[in-house]
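Chemist: Before I ask anything, here is the structure I am working with.
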Amino acid sequence: MSNATARTLATANRHLRAGLARLLPEPSPSAPLHPKDFSDLLMELLHAGACLRSIPLGRAPDADLQDALSEYRSLVERLAQILPHVHGRLLTEKARLQLARAHVTATAAWARASQNTL
């Protein structure tokens, strides 16, 4: 079971790495974040959590499982470091959208007023 658990956790780690890469702003700080990015990350964290709960208590993990556990811990720590930055990006995007909405509302009001004067 430990070998299958290690493989399952390694797969979850691979998906978590990919999910973290989508959240990083390096390619383009203005790259949009998508809800699916977050739902995919949550799904992998839940999957890994179920895998971790299947490990019997008091049993020393073999080397493969120990490596997978170490990488998982590292990925979760990295996620904790990235999330405040992601939150800031989301707040910036929210402010941009609110400004755009206000602009559209003002433009629509101007257009209605212009029609009434002509």
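Where a number appears in this text, it was derived from the coordinates with a stated rule and is not lab data. Note that the structure is a prediction, hence the values are computed from the model and not measured. Note: ideal-geometry Cβ built from the backbone for every residue, glycine included; neighbour counts use all protein chains shown.
Chemist: Using the Kirkwood radius over Cα pairs, work out the Stokes-Einstein diffusion coefficient for the chain at 20 °C and 1.002 mPa s, in µm²/s as a whole number.
Modeler: Roughly 123 µm²/s, to the nearest whole number.
Chemist: Continuing with this model, one more query. Show me, for the stretch 95-104, the HN-Hα J-couplings you get by feeding each phi into the Karplus relation (A = 6.51, B = -1.76, C = 1.60, θ = phi - 60°), rounded to Hz, glycine and proline as x.
Modeler: Listing the rounded values in order: 4, 4, 5, 5, 5, 5, 4, 4, 5, 5 Hz.
Chemist: Quick check for me: using +1 on Lys/Arg Cβ and -1 on Asp/Glu Cβ, what's the dipole size of the chain about its Cα centre, in debye to the nearest 20?
Modeler: 480 debye
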